[in-house]
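Inspection log for the structure reproduced underneath, given as structure tokens.
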Amino acid sequence: MLGLFREIRSQHGREHATVAVLLKRGVRPPLAGNATPGGFLLYSRASTEEVREAAEEALRRLESGERDLAVSPYCGTNILVAALMALGVSSVLRWRSKSAMKAMSSMMLGIMVALILRRRVGELVQEHLTTLPDSDGVSVRQIKCLRLGGMTIHWVGTGPASP
């Protein structure tokens, strides 16, 4: 089970790095991804060749030490962290308040604290729980795509580099 969790964390970091490269190259949203065992999905208007080149560059850059590419300000982890922080702070403050007005103030304070801290706390959660910048000896093995209207879904399969 821990092996599968580590695999998905690694793929999540590779997905983030690929998205960062695509954004730097001018690919515009919609652009999103999901990590899977053995690879990751990218939802984008980018061509298969653009995705391949970006994924290969991302793997090289991760391998050369650009660990920060594995952490994204656009990750869903940040949204989840913000929601949990807002709920937690609001609940603790609400527990102490007796009136409806104080309860509403507590909820607003909880939301404000979450909005202020969400990015940094989300990045810490990504660094320590949801992503790994692990790409040593990994290469793009295959890319499969499915076109749905103006959107293309690419599955980028990664694995040990061929000798």
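The values are calculated or read from the model by the stated rules, or taken from the named source; none is laboratory data. Being a predicted model, the structure only gives us computed values, none of them experimental. Cβ coordinates were reconstructed from backbone atoms using ideal geometry, including for glycine residues, and neighbour counts include every protein chain displayed. Ligands, DNA and RNA are excluded from the accessible area calculation, which covers all protein heavy atoms including side chains. Shrake-Rupley method; radii C 1.70, N 1.55, O 1.52, S 1.80 Å.
Only residues that are surrounded by 16 or more Cβ atoms within 10 Å (Cβ to Cβ) and of a type in the set (Gly, Ala, Ser) were counted across region 65-102, and they come to 5. Residue count for region 106-127, restricted to those that are free of Cβ contacts under 8 Å to residues at least 40 places away in the same chain and within 13 Å of residue 87 (Cα to Cα): 10.
Here residue 128 clears all of (1) farther than 15 Å from residue 68 by Cα; (2) open to solvent by 100 Å² or more (accessible area, probe 1.4 Å) except the condition numbered (1).
Return the total of residues in region 65-83 being over 16 Å from residue 24 (Cα atoms) and within 10 Å of the chain's Cα centre (by Cα). Don't jump to the end; show me each part of the working.
Of region 65-83, the ones over 16 Å from residue 24 (Cα atoms) are 65, 67, 75-83.
Then keep just the ones that are within 10 Å of the chain's Cα centre (by Cα); that gives 75-78.
Count: 4.
Among the residues of region 139-163, write down those that are in contact with a Pro (Cβ under 8 Å, 6 or more places away or on another chain) and either at pLDDT below 95 or closer than 30 Å to residue 84 by Cβ (or both). Full working, then the answer.
Kept after step one, since they are in contact with a Pro (Cβ under 8 Å, 6 or more places away or on another chain), are these residues of region 139-163: 139, 151.
Listed by number, the list holds a single entry, 151.
The set of residues in region 65-82 that are under 15 Å from residue 132 (Cβ atoms) and part of a helix (DSSP H, G or I) comprises 67, 68, 69, 70, 77.
Flag: residue 32 matches the condition of being within 16 Å of the chain's Cα centre (by Cα) and not β-branched (Val, Ile, Thr). The set of residues from region 21-64 being in a helix (DSSP H, G or I) and open to solvent by 50 Å² or more (accessible area, probe 1.4 Å) comprises 24, 49, 50, 52, 53, 56, 60, 61, 63.
Give just the number: which of (1) within 24 Å of residue 68 (Cβ to Cβ); (2) part of a helix (DSSP H, G or I) does residue 106 not satisfy? Of the numbered conditions (1) within 24 Å of residue 68 (Cβ to Cβ); (2) part of a helix (DSSP H, G or I), the odd one out for residue 106 is (1).
Filtered by the rule that a residue be out of contact with any Asp or Glu (no Cβ under 7 Å at 6 or more places or on another chain) and either closer than 12 Å to residue 55 by Cβ or open to solvent by less than 10 Å² (accessible area, probe 1.4 Å) (or both), region 6-20 gives 11, 14, 15, 16, 17, 18, 19, 20.
Considering only region 146-163, how many residues are exposed (fewer than 14 other Cβ atoms within 10 Å of the Cβ) and touching a residue at least 12 places away in the same chain (Cβ under 8 Å)? Before the answer, list the steps.
If we filter region 146-163 for residues that are exposed (fewer than 14 other Cβ atoms within 10 Å of the Cβ), which is where we start, we get 146-151, 159-160, 162-163.
Restricting the remaining residues to those that are touching a residue at least 12 places away in the same chain (Cβ under 8 Å) gives 150-151, 159-160, 162.
Of the residues in that region, 5 qualify.
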